[in-house]
Each structure stands twice: as structure tokens, then as C-alpha cells.
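Worksheet for the structure shown next.
The values are calculated or read from the model by the stated rules, or taken from the named source; none is laboratory data. Being a predicted model, the structure only gives us computed values, none of them experimental. Neighbour counts run over all protein chains shown; Cβ positions are idealised from the backbone, glycine included. Heavy atoms of the whole protein, side chains included, go into the accessibility calculation; ligands, DNA and RNA do not. Shrake-Rupley method; radii C 1.70, N 1.55, O 1.52, S 1.80 Å.
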Amino acid sequence: AGASGSQPNIVAYQNLYVNSGNTGTCPGTAPTVLFSYYVGTGTVQTSPVLGGAVGEVAYVESITGDGASVGSKFHVLTGAGTGGSNGTVAAPVAPGTGNNATDVAITMSGFVSVTRSSPFYDYANDVAYVGDDSGVLHKFSPVFNGASAEVTTGGWPATVSTQTGKILTGPVFDGSTSLVYMGDSQGYFYSVSAAGTVVQSGQLGSGTGM
């Protein structure tokens, strides 16, 4: 979990593949921190996704608890690693504090938890998809190219799984069919149309599912 001034939620490194002789395309002797940001007390449990431009990152801060004030947040980070101070691992800073970064946090509909679903970004349409632990698929549009928001009309968010223990895995958007595919923790596979229509497979796995 993030802690102001001491525990970052998200960290980026640069110069990962350095050349000890300093003759390669990544000069330096070790990877360095590009940015280290604290954005809240939640936990980023899944992978971030990069946008189409430098400094664009989308990720989910998972927050659990009771009440309408608690819920996971979809973050849209821009300008990351630019400007003045972007923090260290031991001393993270907030986006926009001494740097040029901006972080927009959108509380996901239903005040849900997210533990297994990384966001999937559709670069062609500036749309992102995230599954939650209650079997619901969320859609965000626009993401980086406008005022970021969750889509809450036209069948969205879409209830995908009604199984017991219905944690969704990471979604994948297929541009050729315009369908989003994902599995759940009970071993079922699903497709979701642009209108939020869901098709379920037979059970393909058991135990911890997919």
C-alpha cells in the first residue's frame, strides 16, 4: 500500500540494459529511477499499461472496504518523469508536486476491488478495459486523448461472470471482431461485445480457474 513520503504506488526505471563500457545505446552504469509516485493508500496489484506517447501510463489502484467512499481507482498518468523532482524509491512524490506529471484517478463503478485484471488499452480507439473481483468489466473512454471517464451507458459496465468467486482476469480486446475476451477464477471464458453483450463458454478449468 502507498504511504506518503515513504512508499510509492508506482515506480519507473530507465537504462535497464546498460553497457558497462558506456558504448551502447543506453549509457550509464546501472538502471536509474525515472519516477516514483505516491497517489494513495491503495495497492497497485496488477501491471500498468503504457499509452501512445512518452510519459503516459494507466494503472489500477485497488482499494477495498465498506461504504460509498471506498473503491478501486483507474489512474491515468501523463507527463510522467518530466519536470523537476520525480522522487526516489525511498522518498516518492505526488504527481504534479515539483514535476510536470498529472494523475487523474477515476473511482470505478460499484466501489469494487481489482486483484487480477491489468488494464488493456485499445490504442486505435483510446479505450481501456478493466475487470473487477465481482465479475464486472469496466470500460474507460477517452483515456489519454481527452477528459478521462468511465463509460456507464450502453450496457457498461458489463456484468460478465455470475459464478461464485467470480474474479475476472485481464481482458484482451480483439480489433478484428470488436470483442473483449477474458476468463474468471472459476474457469469460464467470456466474450463481451461493444454493446456489453456477454457470451459464456463451458467450464474450461477448475480450482483457481484461469
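Of note:
- Cβ pairs under 9 Å, 6+ apart, first in segment 188-206 and at negative phi, second among the aromatic types (Phe, Trp, Tyr) and open to solvent by less than 30 Å² (accessible area, probe 1.4 Å): Val192/Tyr129; Ala195/Trp156; Val198/Tyr190; Val199/Tyr190; Gln200/Tyr190; Ser201/Tyr190
- In segment 81-103, residue surrounded by the fewest Cβ atoms within 10 Å (Cβ to Cβ) [restricted to those that are among the β-branched types (Val, Ile, Thr) and outside any strand (DSSP E or B)]: Val89
- Residues being hydroxyl-bearing (Ser, Thr, Tyr) and in contact with a strand residue (DSSP E or B) (Cβ under 6 Å, 6 or more places away or on another chain) - total across segment 156-175: 3
- Restricting attention to segment 101-153, the residues being within 11 Å of His75 (Cα to Cα) and among the polar types (S, T, N, Q) number 3.
- Note on segment 109-128: residues that are more than 11 Å from the chain's Cα centre (by Cα) and either at pLDDT 95 or above or surrounded by fewer than 17 Cβ atoms within 10 Å (Cβ to Cβ) (or both) total 8.
- Flag if Val70 is at pLDDT below 95, more than 16 Å from Tyr38 (Cα to Cα), open to solvent by 70 Å² or more (accessible area, probe 1.4 Å) and among the hydrophobic types (A, V, I, L, M, F, W, C): no
- Residue count for segment 152-187 under the criterion of being surrounded by fewer than 17 Cβ atoms within 10 Å (Cβ to Cβ), in contact (Cβ under 8 Å) with a residue 40 or more places away in the chain and under 13 Å from Phe120 (Cβ atoms): the result is 2.
- Residue within segment 199-209 that is surrounded by 15 or more Cβ atoms within 10 Å (Cβ to Cβ) and either assigned to a loop (DSSP other than H, G, I, E, B) or at pLDDT below 95 (or both) present: yes
- Apart from one condition, Ile106 fits all of (1) in a loop (DSSP other than H, G, I, E, B); (2) in contact with a Lys or Arg (Cβ under 9 Å, 6 or more places away or on another chain); (3) not charged (D, E, K, R); the exception is (1).
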